[in-house]
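Structure first, then comments.
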Amino acid sequence: MGSAPRPTLWRTCRVLANEVRLEILRELFRGPGQSVSAIAEKFDVARPTATRHLRRLAARGLLQARRDGAWVYYRVAPDRTIPAAARFVNTLRDVFAADSGYAAQEIFRLVTAFTHPRRQILYATLSTGDWRFAELRRKTRMSTPALQRHLRKLRSRGFVVSAAGRYRAVTPPGRLARLLADLAPREAR
């Protein structure tokens, strides 16, 4: 089915495609070094739920945890061992800093373009030129319904355009969109 997807991108996008986690991230940008209990209280969730959200963000290299006795404190800081974590953190910081009240919704909208590895394969294929639907089906080996679904998602997020029965990859405006397009694979095999 084409080249192997970059799991870091689609898994990071899946973690970010959660409104509560995005709001937690925004809160940690505003006030770093908050405990799990403080986050749970601010977002009216159980501590185990807050812990899961925080651990998922940390697993993608976006947060660092510091233990102090029984307490765990989190802050936004990229894990240097995870490729692109620093770029994600810097970009998300900028998006939240320029927040017009819709930053979390815009982040959610853009990252959901790449929450599935097949969409990365499709985007990579489309990055090589203009393709007709039948050509895309053969190249990606996706079923018609799957290809339609993934094309629809990428089009609605601004990463694919079509004209005269042909599809191609584009990069929507904005720093986060550019980062996602840059991290997506450029070639499908």
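Here, each number is a calculation from the coordinates, and none is a lab measurement. These numbers come from a predicted model, not from an experiment. All Cβ positions, glycine included, derive from the backbone under ideal geometry; neighbour counts span all protein chains shown.
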Per residue of region 150-157, in order, report the coupling 6.51 cos²θ - 1.76 cosθ + 1.60 (Karplus, θ = phi - 60°) as ³J(HN,Hα) in whole Hz, putting x for Gly and Pro.
6, 4, 4, 5, 5, 5, 5, 8
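For region 110-183, what is the convex hull (Cα atoms) projected area averaged across all directions, in square nanometres?
The Cα convex hull of region 110-183, projected and averaged over all directions, gives 4.4 nm².
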Backbone N under 20 Å from the Phe43 label point (7 Å along Cα→Cβ), restricted to region 111-134
111-113, 115
Of Val161, Gly61, Phe133, which is farthest on the positive side of the dipole of the chain, counting Cα position, with +1 on Lys and Arg Cβ, -1 on Asp and Glu Cβ, and the Cα centre as origin?
Phe133
Taking just the alpha carbons, could you work out the radius of gyration and Dmax for the chain, both in angstroms?
18.1, 63
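Between Gln148 and Thr81, what's the calculated FRET efficiency when r is the beta-carbon distance and R0 is 41 Å? Round to 0.05.
Details: r = 38 Å, r/R0 = 0.93.
With a Förster radius of 41 Å, E is 0.60.
Sorted by mean Cβ packing within 10 Å, highest first, what order do the peptides 167-179, 36-48 take?
Values: 167-179: 16.5, 36-48: 14.5.
The packing order, highest mean first, is 167-179, 36-48.
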With an 8 Å Cα cut-off and a minimum separation of 6 or more residues, compute the relative contact order for the chain in percent.
27
